[in-house]
Amino acid sequence: MMLNLKRYDRQIKLQGFGIEAQEKLASAKVLVIGAGGLGCPVLQYLTAAGIGNIGIVDDDRVSFSNLHRQILYTTNDIGKLKTEAAFERLGSMNPEIQINVISERISIKNAINILSKYDLILDCSDNFPTRYLLDDACRILKKPLIFGAIYQYEGQVAVFNVEDNKGFSTHYRDLFPQPPKPGEVLDCNDAGVLGVLPGIIGTLQATEAIKLITGIRETLVNKLMTINVLDYQTAIFEIPAENLADKNIPFLITEFENMNYEVHCGIKQIGIKNIPPAEFNSISKLPETIIIDVREIDEYPKLEIPYLSIPLSQLRENSTQIKHKNVIVVCQSGKRSIAGAQVLQEILGSDYNISHLEGGIKQLNKENNE
Amino acid sequence: MIKIISFGRLKEILGSDFEFEAQNSDELLTQLNEKFPILKDLKLRIAVNQTIISENTELKNNDVVALMPPYSGG
């Protein structure tokens, strides 16, 4: 398709940009993993800037608690697939580009096939299993990866798998070689997030994508940028290459396809039963059963059935309060509960049946409302 | 004196930026681990003057040490 010079006039005019850079954007194929807080600004700016081919991967639906930061969506979109709501909105923003939606969760089964069709991948996901999965897949397929992540008022941005002028490239695993334990790092569901923060970090990811595609300026290759929006403390750190060869990580597609990233990130644990939200009500009514909420005392929503509240940080010293044989640990999103279940399994031993609520109270309420 | 800045949850544990005395990064971490035992359980990276380090690194007066955890949110 002929470039619409009027639409892109104000950036084509830029010194150092021109029609040449605009043509590079038009022929670029960019894949955005996650159409949430980071994904929304990324998709809006990449669409507006005229990226020729954009892929969107997400299996989630729009919910009320998304709307304060996921500004692609309106109140009328609640319940719709994010990919479908995004497709409609972005299509009207710029009908001159191609948008492909994949309404699936990225996994070891579909990642290689999906990623192979694109030149550049943006990690806008919201969990460690997906972040490590993408880092490994991009390293194996040699695809540039623009990473963004947020925590409350702070964000991180980096560009991985791109060689600097010395021919040297780094990966997320050079920064954090192994995932943290479940519950160690809280996500937006658990810790909250200021709505504008993903807007800022996502916009930086989109900026890096445009710079990388057009080559107008060097990007955050082998660098980690951090920003705190409370005091505007900003820093850029150099990332060194670690010796990944001796780490227990996949290097071949076949090795990648045999990974279990939930186990790798400790989300699934041997010996601890995962209770799906649909079965929670019936299992919690079995005799000799107690529910332990390991969230902090001031976290909402509260459960509507009897439970014992022991925050994760105090679980070890308070575990003697537990007398029931069947223990179900719950939290907001199912990460601290698995950490809590592990602590209890270690202290209480095999005489107890320790389980946790998969996806947490958030998922439980979501399914109950459907 | 070395200036310590921390990020994310580490800021909640260590408090705001502060000054500290240590000869090298290993010694610094040992002392911080003693003062804040919960640190031992957390994954973190250390940067000295904006370069992330992989090995024990000598610290000089006025060096800035940053302690960073991974973030997962999106």
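Each value in this text was obtained by applying a stated rule to the coordinates, not by laboratory testing. Being a predicted model, the structure only gives us computed values, none of them experimental. Cβ placement follows ideal geometry from the backbone for every residue including glycine, while neighbour counts extend to all protein chains displayed.
For a quick check of your reading of the filter: which trypsin sites (Lys or Arg not before Pro) in region A:1-104 sit in a DSSP loop and have no more than 13 other Cβ atoms within 10 Å?
Loop-located and lightly packed - A:Lys6, A:Lys13.
Assigning unit charges at the beta carbon (Lys, Arg +1; Asp, Glu -1) and nothing else, what dipole magnitude in debye, to the nearest 20, does the protein assembly as shown show about its Cα centre?
Details: 45 positive and 56 negative charges, 183 e Å.
Using only the charged Cβ atoms, the result is roughly 880 debye.
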- request: May I ask you to list the trypsin sites (Lys or Arg not before Pro) in chain B that are in a DSSP loop and have at most 12 other Cβ atoms within 10 Å of their Cβ?
  value: B:Lys60
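Report, for chain B, the % of DSSP beta bridges that are antiparallel, rounded to 5.
On the way: 10 of 14 bridges.
In chain B, approximately 70 percent of DSSP beta bridges are antiparallel ones.
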task: Could you please rank A:Ile275, A:Ile201, placing first whichever residue has the fewest other Cβ atoms within 10 Å of its Cβ?
output: A:Ile275, A:Ile201
- line: Relative contact order as a percentage, chain A, C-alpha pairs under 8 Å and 6+ apart, gives 14
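Do the alpha carbons of any pairs in A:Lys181/A:Lys362; A:Lys13/A:Lys211; A:Lys80/A:Lys366; A:Lys181/B:Lys35 sit beyond 18 Å of each other, and which pairs?
On the way: A:Lys181/A:Lys362 20 Å; A:Lys13/A:Lys211 16 Å; A:Lys80/A:Lys366 14 Å; A:Lys181/B:Lys35 22 Å.
With Cα atoms farther than 18 Å apart: A:Lys181/A:Lys362; A:Lys181/B:Lys35.
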- prompt: In nm, to one decimal, how far is the modelled label at A:Gln15 from the one at A:Met93, with both set 7 Å along Cα→Cβ?
  reply: 2.9
field: Candidates per GluC sites (Glu not before Pro) in region A:272-361, loop by DSSP, up to 12 other Cβ within 10 Å
entry: A:Glu288, A:Glu304
- prompt: Which of A:Gln314, A:Gln269, A:Gln156 moves the most in a Gaussian network model of chain A with Cα springs under 10 Å?
  reply: A:Gln314
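Calculated from DSSP H runs of 4 or more alone, at -39500 (n - 2.57) each and per residue, what is the 222 nm mean residue ellipticity of chain A, nearest 500?
On the way: 15 runs with 126 residues, N = 370.
Counting only the DSSP helices, I get -9500 deg cm²/dmol.
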message: To test your reading of the geometry: what angle, between 0 and 90 degrees and rounded to tens, separates the Cα axis of helix A:360-369 from the longest principal axis of chain A?
response: 80
task: Assign one of three labels to region A:9-264, namely rounded, prolate or oblate, based on the Cα gyration tensor with a ≥ b ≥ c the square roots of its eigenvalues; rounded applies when a/c is under 1.5, prolate when it is not and a/b is larger than b/c, and oblate otherwise.
output: rounded
statement: With a ≥ b ≥ c from the Cα gyration tensor eigenvalues, square-rooted, and the rule rounded for a/c under 1.5, otherwise prolate when a/b > b/c and oblate otherwise, region B:2-63 is rounded
